[in-house]
Each structure stands twice: as C-alpha cells, then as structure tokens.
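For reference, the structure discussed in these notes is given below.
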Amino acid sequence: MDIKLNTTILKDALLFPSTAGVSANELLSAKRRNLLKMIVSTLQPLETTEDSYFKHFIQALNPEFQIPTKAVIHSEVLSIYNQKVQDLRGILASVDDIVLTCELWSSKAEDSYLTVGCHYIDPLGNLKSFMLKTTSLFGDESEANIGSQLAAVTEAWAERGTAGCRYDLLKMFYRSETEKFSSI
C-alpha cells in the first residue's frame, strides 16, 4: 500500500516535551526527534542525513550523536505518521458532526491536486481542522476522476457515523450524466 505522508500531521506529531530531568537515552531520543522534526518541518529530503556537510555540521555540534541513516529516518517518520493517523481516527470516531472540505489546486508546473480536509468543533468550542489527504489528479480533472479520488479518501477515513458525511460529499460531485460541475 502506497502511503503518502501528510506533513501537517507529522509536524504536530514531532513536538515533544522539555528535556529537563530526562535520562541520556531519552535525551538521545529527543535529539533524534528534533532531527526528524527539522527534516519534516522544512520539507528536507531524507537524504539530508547522508550529506557530508550536514554530517560534519552535526559532528561539530555533538560528536557523540549518531546520525541515523535515510532508511532509519524513513522508518521512524512512517511510524510516527501511522501512529498519528490512528490517533486522529480515534478522535474523529468520537466526533458527532464533521464537515469535509475539498480544494482543487495546481502547482506551478500545472499539476492538479485535490486536498480533502475535515473540520469539527471540540467540546470547548474550538475549531479543529485536519488535512486528510492531498492527492494528484494525474492530469485527469474529469468529474469521474475527482469523484473516484473523493470516494477513495472518504472510504479510507470512513468510521462509524461518517457514512452520511461520505454520501453528502459524493452527492455534491456526482451529478446526472448530462450535467457538468457548476463550480469547483
């Protein structure tokens, strides 16, 4: 299964508490987490840790720190991401009213993308928003492809009580065969 990482989830996931009063192993873990946070937050390629200048810089700051390999970083980022997705699934399963939003946009290279987000009001009255997925439309901006992409996202995130949300979202995009989108 191809998993595309949502950097918003990762950025939030990589925050950690103060290192005051923690053991050497926990501090090392915190340093590694800081490295992951830097890579994800600044959208650096995982190969950054293999760059000789980067290695020299880190060794100058802390000679004891062992820089993880690209494979280790990939594994750790994916693990954190998967945990945060599970956490979000748990949160959304307990929310009664979720609003889904869809955005179609294109990059400077004219590649088209669809982003699906969800929003709800928590018990304290605060608006909470999460991006569920951004996916490429692969050059096909047809109603059928957009509907298919939306169906895949809503199906992947469907939990109890969200079937109505999924139906309403898809109903907005599927029209009779003779109609076209009035606006997207």
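The values are calculated or read from the model by the stated rules, or taken from the named source; none is laboratory data. None of these values were measured; they are calculated from a predicted model. Cβ atoms come from the backbone with ideal geometry, glycine included; neighbour counts cover every protein chain shown.
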**Prompt:** Can you name the number of the only condition in (1) over 19 Å from L104 (Cβ atoms); (2) modelled with pLDDT under 50; (3) surrounded by 12 or more Cβ atoms within 10 Å (Cβ to Cβ) that A158 fails?
**Reply:** (2)
**Request:** Name the one entry in A20, A24, A60 that is outside the structural domain of F130 (by TED's automatic domain parsing), exposed (fewer than 10 other Cβ atoms within 10 Å of the Cβ) and at pLDDT 90 or above.
**Result:** A60
**Request:** Filter segment 71-110 for residues that are surrounded by fewer than 16 Cβ atoms within 10 Å (Cβ to Cβ) and of a type in the set (V, I, T) and give the result.
**Result:** V72, I91, V99, T101
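Conditions tested, residue by residue: (1) closer than 23 Å to T135 by Cβ; (2) among the hydrophobic types (A, V, I, L, M, F, W, C).
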{"residue": "L35", "(1), (2)": "no, yes"}
{"residue": "Q44", "(1), (2)": "yes, no"}
{"residue": "F65", "(1), (2)": "no, yes"}
{"residue": "K70", "(1), (2)": "no, no"}
{"residue": "E76", "(1), (2)": "no, no"}
{"residue": "V85", "(1), (2)": "yes, yes"}
{"residue": "R89", "(1), (2)": "yes, no"}
{"residue": "S94", "(1), (2)": "no, no"}
**Asked** Given the conditions (1) at pLDDT below 90; (2) closer than 28 Å to Q44 by Cα, and given that F173 satisfies all but one, which numbered condition is not satisfied?
**Response** (2)
**Item:** Single unsatisfied condition, I67 versus (1) surrounded by 13 or more Cβ atoms within 10 Å (Cβ to Cβ); (2) touching a strand residue (DSSP E or B) at 6+ places or on another chain (Cβ under 8 Å)
**Value:** (2)
**Item:** Where F130 falls short, out of the listed (1) modelled with pLDDT under 90; (2) in contact with a strand residue (DSSP E or B) (Cβ under 9 Å, 6 or more places away or on another chain)
**Value:** (1)
**Asked** Taking L114 and the conditions (1) outside the structural domain of T135 (by TED's automatic domain parsing); (2) surrounded by 11 or more Cβ atoms within 10 Å (Cβ to Cβ); (3) not charged (D, E, K, R), which numbered condition does it fall short on, given that it satisfies the others?
**Response** (1)
